[in-house]
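Peer 1: Can you read through this structure? Questions will come right after.
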Amino acid sequence: MPSNTNSSPENGANAIQLSITEQPIDYNALTESVRSNLCGAVVLFLGTVREVTGDKKTSSLEYEAYEEMALIELRRLIETAMQKWPVKKVSITHRVGYLDLGEIAIGIAISTPHRKEGFEAAQYLMSQIKETVPIWKKENWTDGSTDWVHPEK
């Protein structure tokens, strides 16, 4: 069952939507959730399961999360991004569980007045998520071996 944290002031100011789910990510809904008449840019980033990493072939991925802490850390990262860039709305959904090749593991949607800030904020968030959010990835390789990838901090 997805966990959601919403903050959406009635005046149309900043809004944050977060979820960690076992369900496929609806990137259209993610995109629509951040659209705003105050913004000329909506940036959408989708992280998908790729087949080749370095010289190894992936068969699938599995994600696990310390959900309560992951949501707290995601909110902290978004609040930091909102201090650095004029972000109006952010929606982040991360999958957990088993994912096949091509499936979406994470979706980040951001609205800002202009595109430059949106791209910068999205890149910042994705980089920080990989480093600090307690979500772990198990790489299942076609040769039968596996590797766990943990946040760096």
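Here, each number is a calculation from the coordinates, and none is a lab measurement. Owing to the predicted nature of the structure, the values given are computational and were not obtained by experimental measurement. So basically every Cβ, Gly included, is an ideal-geometry build from the backbone, and we count neighbours across all protein chains shown.
Peer 1: With everything on Cα atoms, drop me the angle between helix 115-132 and the longest principal axis of the chain, reported from 0 to 90° to the nearest 10.
Peer 2: Rounded to the nearest ten degrees, it is 40.
Peer 1: Something else about it: Using alpha carbons only, how many degrees (0 to 90, rounded to 10) separate the axis of helix 67-84 from the longest principal axis of the chain?
Peer 2: 50 degrees
Peer 1: Which pairs break 28 Å Cα to Cα here: K57/K130; K89/K130; K84/K138; K57/K116?
Peer 2: As for pairs spanning more than 28 Å Cα to Cα, those are K84/K138; K57/K116.
Peer 1: Under the 0.36 nm per residue contour assumption, what length would be gained going from the current alpha-carbon distance of E131 and T146 to full extension? Each step should come with its number before you reach the end.
Peer 2: Working: separation 15, 0.36 × 15 = 5.40 nm, distance 2.04 nm.
So the chain would gain 3.4 nm between E131 and T146.
Peer 1: On to the next question. Only one of the listed values, (i) 159; (ii) 135; (iii) 109, was derived from the coordinates as volume of the Cα convex hull per residue in Å³; which label is it?
Peer 2: Recomputing volume of the Cα convex hull per residue in Å³ here picks out (iii).
Peer 1: Summing +1 for each Lys or Arg and -1 for each Asp or Glu, what net charge is found among the other residues whose Cβ lies under 11 Å from the Cβ of C39? Write down the numbers at each step before the final one.
Peer 2: Details: positive: R35, K88, K89, R115; negative: E117.
Local charge sum for C39: +3.
Peer 1: Once you've got the GNM for the chain with C-alpha springs shorter than 10 Å, pick whichever of V42, V52, V90 has the biggest mean-square fluctuation.
Peer 2: V52
Peer 1: Could you work out which residue, out of G107, G54, G118, moves most in a Gaussian network model of the chain, that is, has the largest mean-square fluctuation with Cα springs under 10 Å?
Peer 2: Per the Cα network of the chain with a 10 Å cutoff, G54 tops the list.
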